[in-house]
1. Mind counting the residues in region 140-167 that are touching a residue at least 24 places away in the same chain (Cβ under 8 Å) and part of a helix (DSSP H, G or I)?
2. Identify, from the list 139, 175, the residue that is within 16 Å of ligand 1 (Cβ to nearest atom) and surrounded by fewer than 17 Cβ atoms within 10 Å (Cβ to Cβ).
3. Go through region 145-183 residue by residue and tally those that are among the basic types (Lys, Arg) and in contact with a strand residue (DSSP E or B) (Cβ under 9 Å, 6 or more places away or on another chain).
4. Looking at residue 53, is it among the small types (Gly, Ala, Ser), in contact with a Phe, Trp or Tyr (Cβ under 9 Å, 6 or more places away or on another chain) and either touching a residue at least 12 places away in the same chain (Cβ under 8 Å) or not assigned by TED's automatic domain parsing to the domain that holds residue 156 (or both)?
5. What are the residues in region 36-50 that are without any contact (Cβ under 8 Å) to a residue 60 or more places away in the chain and β-branched (Val, Ile, Thr), if any?
6. Would you be able to tell me the number of residues in region 93-139 that are β-branched (Val, Ile, Thr) and either over 23 Å from residue 166 (Cβ atoms) or not in a loop (DSSP other than H, G, I, E, B) (or both)?
7. Give me the pairs, please: first residue somewhere in region 177-188 and modelled with pLDDT of 95 or more, second residue anywhere and among the hydroxyl-bearing types (Ser, Thr, Tyr), beta-carbon distance under 8 Å, and either six or more positions apart or on two chains.
8. Taking region 29-48 as the search range and keeping residues that are surrounded by fewer than 20 Cβ atoms within 10 Å (Cβ to Cβ) and over 19 Å from residue 89 (Cβ atoms), which one is nearest to ligand 1 (Cβ to nearest atom)?
Amino acid sequence: MTSERPQSPSFDAMPPVPPREQVESLVAASARIHGHLCSGQVIGVRMAILGLGLLGYPCPLPYPEIKNLVGVVESERCLSDAVAVASGLRFGRGSLKLVNLGLLAATFGEISSGRAVRLISREQARKLALDYAPQATNPHTAQTEAYMIMPNAELFDAAWVELKIPAHEMPGARPKKMACEQCGVLVRSGQAVRENGRTLCPVCAGRAYFNLGPNLEL
Ligand SMILES: [Zn+2]
Ligand SMILES: [Zn+2]
């Protein structure tokens with residue numbers, strides 16, 4: 001870490017609220033893919049705009065700049081779809097990661113510099129929603145409406161962080177495929193397990209997320 005790195009991200013460097021048209025068009029795009037319009041969509045879109053902005057990037061990310069960014073979402077629900085759609089970062093490209101901590105939080109990192117900023121939704125924002133959307137008929141629409149126009153500093157807490165993603169899981173990494181010495185399958189993405197001097201796939205190493213049933217004839 002360098003000494004000149006700021007201790008906390010400056011909201012001053014960004015407009016307190018991004019342009020309404022930008023938020024609305026990204027929320028609409030995200031709601032189409034997500035299947036409904038919800039406050040989580042707005043939070044995710046606002047996180048993507050702010051997180052990338054604090055790193056000096058526009059949202060959505062243009063090409064080829066997108067190759068220099070990595071994102072992490074900490075919830076597998078509404079927010080993650082919105083962050084993906086708004087930023088352009090993708091699970092299928094390794095540029096977006098899910099680390100399911102059950103938190104309404106996301107981190108955006110610049111690969112070349114190692115700078116990364118983590119944003120977490122403030123609980124107080126829910127209480128403030130009616131102040132920003134007094135005409136709303138229920139708390140749900142109040143939040144969805146209010147989060148479009150609420151200042152960044154009311155919506156989020158932010159901190160610079162140092163990412164601890166292993167090198168083989170960073171976007172662009174091409175770790176060697178390894179054959180499992182027990183079942184023979186090829187293990188990709190650096191996920192092979194070394195156990196008692198043997199190379200195993202995570203399933204043979206007892207790290208499966210399922211219990212195996214009978215094989216099917218196809
Ligand atoms: Zn949703
Ligand atoms: Zn195996």
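The values are calculated or read from the model by the stated rules, or taken from the named source; none is laboratory data. Since we're looking at a predicted model, the values are computed, not measured. Every residue, glycine as well, gets a Cβ built from its backbone with ideal geometry; the counts of neighbours run over all protein chains shown.
1. First pass over region 140-167, keeping only residues touching a residue at least 24 places away in the same chain (Cβ under 8 Å): 140, 143-144, 147-163, 165-166.
Retained after the next criterion (residues that are part of a helix (DSSP H, G or I)): 140, 143-144, 147-149, 152-155.
Counting residues in region 140-167 that are touching a residue at least 24 places away in the same chain (Cβ under 8 Å) and part of a helix (DSSP H, G or I) gives 10.
2. Answer to the selection: 139.
3. 1
4. Considered against the rule, which asks whether it is among the small types (Gly, Ala, Ser), in contact with a Phe, Trp or Tyr (Cβ under 9 Å, 6 or more places away or on another chain) and either touching a residue at least 12 places away in the same chain (Cβ under 8 Å) or not assigned by TED's automatic domain parsing to the domain that holds residue 156 (or both), residue 53 comes out as no.
5. Selection gives 45, 49.
6. Counting residues in region 93-139 that are β-branched (Val, Ile, Thr) and either over 23 Å from residue 166 (Cβ atoms) or not in a loop (DSSP other than H, G, I, E, B) (or both) gives 4.
7. If the second residue must be among the hydroxyl-bearing types (Ser, Thr, Tyr), the pairs left are 178/199; 179/199; 180/199; 181/199; 187/199.
8. Among those residues, the one meeting the criterion is 36.
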